[in-house]
Amino acid sequence: MCWCANNHVLFVSDEIYHGVSFGEPSHSAWEFSTKPIVIKSFSKFWCMTGWRLGWMLAPAGLLDAIDALIGNMSLCPPAQPSTLRCTHSPTRRCNPTSKCIGANGISY
């Protein structure tokens, strides 16, 4: 990240697998700076493979440009309430996903 900052290059961190580690805890780029773009997903850490539901952390100066692009993305509204229910489950992870999703009234 230091090289990017010194050379005016935007750092993009793909953290789709963040939290899936064996041994040392993983770290997010935003633990060190709020200047990079960080891409995250529910699909790996929350055992929701195939759902393609995620979020992005970005510097405030990029929000207008991101907002203009995000309008071209499609959403899956039924996935949103299910994701919220799964992420608030006592175990923090749905294992297996079908039990969590089925228990919360979402069929697939």
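None of the figures in this text is laboratory data; all of them are computed from the coordinates on show. None of these values were measured; they are calculated from a predicted model. Note that we place each Cβ from the backbone using ideal geometry, even for glycine, and neighbour counts take in every protein chain shown.
Close amide H pairs (under 5 Å, H built 1.01 Å from N) link residue 41 with 55, residues at least 5 positions away or on another chain. Put simply, when 26-38, 58-70 are sorted by average Cβ atoms within 10 angstrom per residue, most first, you get 26-38, 58-70. What the pair-distance distribution of segment 24-65 shows, using all Cα-Cα distances binned every 10 Å from zero, is 25, 42, 31, 2 percent.
Each residue of segment 27-33 is assigned a 3J(HN,Hα), and the resulting list reads 10, 9, 4, 6, 6, 10, 6 Hz, derived from the Karplus form 6.51 cos²θ - 1.76 cosθ + 1.60 (θ = phi - 60°), x at Gly and Pro.
Subtracting the Cα-Cα distance of residue 35 and residue 17 from their residue separation scaled by 0.36 nm leaves 4.4 nm. Note on residue 56 and residue 8: the extension gain reaches 15.2 nm, defined as 0.36 nm multiplied by sequence separation minus the Cα-Cα distance.
Between residue 65 and residue 24, the simple spin-label model (points 7 angstrom out along Cα→Cβ) gives 3.2 nm.
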